[in-house]
């Protein structure tokens, strides 16, 4: 089969659109990712062990609350305030107890369960979580970050320690539900904005249309 025919393994485009010979784009793969946590747990105790024990991680889930304007025979809808749904992080609970201790340290920062004492302010316990989507490189071939989501102002909202069971043939895990204030999409950690957080400008329409509700 001629190699050129592989370029047709996608949706055909019209003559006014992009070149019709373009092949199918490579997707990001779910299992190629890395999670890092900054300021998680007690300072000075590295959280790199958590990175190696991650089982799954969520990307942002963003919802805009609609605003409805009642008009003559219909309704006009506008985008209201946005909200981020809590994100999920699942960790393997290792036999050495490193993961469990790190999670416990973070919980203690948020609230001292022994002394029944709360943190003075959010900055005392909030951390940052980074979810990087990678290209599959490893070893001498350093992985390239295809996309990085930075979760800012994070704290643990819920912890679920997996139950022990004689009937299950599986590793124990710890599931974290994490609330956060903001999420920014970057090309790479510390790199340029890409997508969510990108500067696209506030005014798109010409000045004469700025007072209109509909486009």
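Go through 146, 134, 152, 91 for me and flag whichever is under 22 Å from residue 192 (Cβ atoms), modelled with pLDDT of 95 or more and crowded, with 18+ Cβ neighbours inside 10 Å.
From the options 146, 134, 152, 91, the qualifying one is 134.
Could you tell me which of the residues 50, 25, 37 is over 28 Å from residue 156 (Cα atoms), under 29 Å from the mean Cα position of the chain (by Cα) and at pLDDT 75 or above?
Result of the check over 50, 25, 37: 25.
Can you tell which of 153, 136, 191, 197 is outside any strand (DSSP E or B), within 21 Å of residue 84 (Cα to Cα), in contact (Cβ under 8 Å) with a residue 12 or more places away in the chain and within 27 Å of the chain's Cα centre (by Cα)?
Just one listed residue meets the conditions, 197.
Any idea which residue in the range 162-186 is nearest to residue 110 (Cα to Cα), counting only those that are part of a loop (DSSP other than H, G, I, E, B) and within 13 Å of the chain's Cα centre (by Cα)?
180
Here are 43, 19: which of them is at pLDDT below 95, surrounded by fewer than 10 Cβ atoms within 10 Å (Cβ to Cβ) and farther than 29 Å from residue 105 by Cβ?
On inspection, the qualifying residue turns out to be 19.
Return the residue satisfying two criteria in turn: it lies in the range 187-215 and is closer than 30 Å to residue 107 by Cβ and at pLDDT below 80, and of such residues it is surrounded by the fewest Cβ atoms within 10 Å (Cβ to Cβ).
That would be 190.
Being in contact (Cβ under 8 Å) with a residue 24 or more places away in the chain, part of a strand (DSSP E or B) and more than 30 Å from residue 171 (Cα to Cα) is the requirement here; does residue 78 meet it?
When the stated conditions are applied, residue 78 passes them.
Quickly run through the range 53-98 and pick out the residues that are under 21 Å from residue 128 (Cβ atoms) and in contact with a helix residue (DSSP H, G or I) (Cβ under 6 Å, 6 or more places away or on another chain).
Those that are under 21 Å from residue 128 (Cβ atoms) and in contact with a helix residue (DSSP H, G or I) (Cβ under 6 Å, 6 or more places away or on another chain): 53, 91, 98.
Could you tell me whether the range 164-178 includes any residue that is touching a strand residue (DSSP E or B) at 6+ places or on another chain (Cβ under 8 Å) and under 30 Å from residue 70 (Cα atoms)?
No; the residues of the range 164-178 include none that is touching a strand residue (DSSP E or B) at 6+ places or on another chain (Cβ under 8 Å) and under 30 Å from residue 70 (Cα atoms).
When residues of the range 94-118 are filtered for being over 20 Å from residue 53 (Cβ atoms), surrounded by 12 or more Cβ atoms within 10 Å (Cβ to Cβ) and in contact with a strand residue (DSSP E or B) (Cβ under 7 Å, 6 or more places away or on another chain), how many remain?
Final tally of qualifying residues: 2.
The values are calculated or read from the model by the stated rules, or taken from the named source; none is laboratory data. Not measured: the values here are computed from a predicted model. Cβ atoms come from the backbone with ideal geometry, glycine included; neighbour counts cover every protein chain shown.
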